[in-house]
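> Can you keep this structure in mind? I'll have questions shortly.
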Amino acid sequence: MDRILFIGNSFTYYNDMPSLFSALCDSAGVPVHVERIVKGGWYLSRYADPEDEMYPAIAEAAKQEWDYIILQDQSINPAIHKETFLAACKSLAAMFTCRKKFVMYQTWAYEDGSCKLADTGFTYEEMHEKLREAYREAADALHALCVPAGDAFRLAHDQYYYKFDLYRADAFHPGILGSYMIACTFFGMLTGKSPMECITPAGVDKNHAHSLRKMAHDACFADQKAISILHVGNSHTYFNDLPAMVAEMAHFAGVPVSSYRVVKGGWKLCQHADPECETHAALLKARDMKHWDYIVLQENSTVLATEDESFFKALDALKALLGDHCKTFALYQTHSFAKGSNKLRELELSYDEMYEKLRAAYHKAQPMLNAVLIPSGDGFAQMTRCHGREEMVIHDGVHASPAGTYLAACLHCAALLKLDPLTLKTMECVDEPLAAMIRQAAHDVMFPAPQEEEIHA
């Protein structure tokens, strides 16, 4: 059993993060013994000072055997006093002669747009980069690991139009979701296992948990060779965090996935393609990150239901903009609005009419991009028509429920990763009997049974 010592301050002890980490390890069959030396607002330089009140605890701990010693400084200090920070790390390292490995706990920028951040004089990106640089430099100097918790926070900042409550109201301490994501990041770096394997503890919304695990995973294994997927769309893509669900299900099937998203509620593809629109810069940034294995495009459903030709013009523009930066385009065929919903009545369409219009548009677009088709709309129709299940969509009649997102994720895994839906894991947000029905429906859509020929006597 590894013995692990945390040295830090409130960024370590808030929400009892070390115990969260220990619980994750225990559940994965790699139990650890965790101890901590922590005091609110403390600097590593104070822990290393013989005159400081906390020094005796450090001196006593230095006599013991540890497998990992984790160092975390005051939240802003490494960004503004890097040399003092590095000197303190080296002083503490010199005290611990009986140890296997030091670990630098890279913390995060204060919440974007907060007075707390404004008072530093940094932008969110500047504070993140300065902290990252300082902790990486300290890790190199001590031949230490670096736990990139700050990178996980940055992924949340960059990828999600809505905000998880990663911060407390003070805009810098972690809330319970933030501490869970941090614990997952420690789990990934210290065990070598994917955070996607972590349990969801009490107090953490299970509908958010897979997103937090995914950000921790991507922060830990950013350099791992994985199938890369860029999602471009709107709320049909980000509701229940479909990309993270796809990645988690793929991971459990042995297929690592790295994903990124450029999304905005209600957005049309023509808006993403328009240099004057606010998401265009984010799309260019994402485009240039890497050569993507897949770029998945998802259109506003109303555009397709009203046969708006802007869809096809947008595809031409996006093909020119993104075509040299991916191996394959994919089209995410979305579902019809719910039967009897106000949204469907506003369009003056029946469920079947809207479904057929969406399906026809995506099938017409497929050869334009030589794209893979993700037939999520067919899966929803299968569940509605053949199984009479209406819980695929939430009360607004438009957006997928957790079960509906699970169905869409099964079809993403099948279309993009060649995984049989019948073999995929059940997510926490769906009960097993319904999940089995959903997997069967996705399988039937992807692998339809051959039609028997009629035999005449």
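The values are calculated or read from the model by the stated rules, or taken from the named source; none is laboratory data. Keep in mind that what you see is a predicted model, and the values were worked out from it rather than measured. Here the Cβ is made from the backbone with ideal geometry for all residues, glycine too, and neighbour counts use every protein chain on show.
> Do we have any residue at all in region 334-344 that's of a type outside the set (A, V, I, L, M, F, W, C) and in a helix (DSSP H, G or I)? If you could, list the steps in order and put the result at the bottom.
Within region 334-344, the subset of a type outside the set (A, V, I, L, M, F, W, C) is 334-336, 339-343.
Next cut, in a helix (DSSP H, G or I) only: 342-343.
Yes, because at least one residue in region 334-344 is of a type outside the set (A, V, I, L, M, F, W, C) and in a helix (DSSP H, G or I).
> Mind checking whether some residue in region 280-290 is more than 23 Å from Gly379 (Cα to Cα), assigned to a loop (DSSP other than H, G, I, E, B) and not hydrophobic (A, V, I, L, M, F, W, C)?
Kept after step one, since they are more than 23 Å from Gly379 (Cα to Cα), are these residues of region 280-290: 280-290.
Narrowing further to those that are assigned to a loop (DSSP other than H, G, I, E, B): 288-290.
After this cut, where a residue has to be not hydrophobic (A, V, I, L, M, F, W, C) as well, the list is 288, 290.
Yes, there is a match, as at least one residue in region 280-290 is more than 23 Å from Gly379 (Cα to Cα), assigned to a loop (DSSP other than H, G, I, E, B) and not hydrophobic (A, V, I, L, M, F, W, C).
> Restricting attention to region 246-263, does a residue exist that is over 19 Å from Ala156 (Cβ atoms), among the aromatic types (Phe, Trp, Tyr), part of a helix (DSSP H, G or I) and not assigned by TED's automatic domain parsing to the domain that holds Leu166?
Yes.
> For Arg359, work out the one condition from (1) among the charged types (D, E, K, R); (2) closer than 26 Å to Glu309 by Cβ; (3) assigned to a loop (DSSP other than H, G, I, E, B) it doesn't fulfil.
Every listed condition holds for Arg359 apart from (3).
> If the requirement is being in contact (Cβ under 8 Å) with a residue 24 or more places away in the chain and closer than 30 Å to Arg261 by Cα, which of these qualifies: Ser75, Ser45?
Numbers: Ser45 fails: closer than 30 Å to Arg261 by Cα.
Just one listed residue meets the conditions, Ser75.
> In region 86-101, which residues are surrounded by fewer than 23 Cβ atoms within 10 Å (Cβ to Cβ) and under 32 Å from the mean Cα position of the chain (by Cα)? Talk me through it step by step, then tell me what you get.
Kept after step one, since they are surrounded by fewer than 23 Cβ atoms within 10 Å (Cβ to Cβ), are these residues of region 86-101: 86-87, 90-101.
Result: Leu86, Lys100, Lys101.
> Within region 150-176, take every residue that is assigned to a helix (DSSP H, G or I) and more than 13 Å from the chain's Cα centre (by Cα) and give me the one that is surrounded by the most Cβ atoms within 10 Å (Cβ to Cβ).
In this case the residue turns out to be Gly150.
> Of the residues in region 47-85, how many are under 26 Å from Trp108 (Cβ atoms), polar (S, T, N, Q) and either outside the structural domain of Pro148 (by TED's automatic domain parsing) or not in a helix (DSSP H, G or I) (or both)?
Qualifying residue count, region 47-85: 3.
> Separate question: Can you find a residue in region 219-231 that is buried (at least 17 other Cβ atoms within 10 Å of the Cβ), in a helix (DSSP H, G or I) and not assigned by TED's automatic domain parsing to the domain that holds Asn15?
Looking through region 219-231, at least one residue is buried (at least 17 other Cβ atoms within 10 Å of the Cβ), in a helix (DSSP H, G or I) and not assigned by TED's automatic domain parsing to the domain that holds Asn15.
> Sticking with this structure for a sec: Of Ser228, Ser211, which residue is of a type in the set (Ser, Thr, Tyr), touching a helix residue (DSSP H, G or I) at 6+ places or on another chain (Cβ under 8 Å) and touching a residue at least 40 places away in the same chain (Cβ under 8 Å)? Working first, answer last.
Values: Ser228 fails: touching a helix residue (DSSP H, G or I) at 6+ places or on another chain (Cβ under 8 Å).
Selected residue: Ser211, the only one of Ser228, Ser211 that is of a type in the set (Ser, Thr, Tyr), touching a helix residue (DSSP H, G or I) at 6+ places or on another chain (Cβ under 8 Å) and touching a residue at least 40 places away in the same chain (Cβ under 8 Å).
> Within region 194-216, track down each residue that is more than 15 Å from Ser258 (Cβ to Cβ), of a type in the set (D, E, K, R) and not in a loop (DSSP other than H, G, I, E, B).
Of everything in region 194-216, those that are more than 15 Å from Ser258 (Cβ to Cβ), of a type in the set (D, E, K, R) and not in a loop (DSSP other than H, G, I, E, B) turn out to be Glu197, Lys206.
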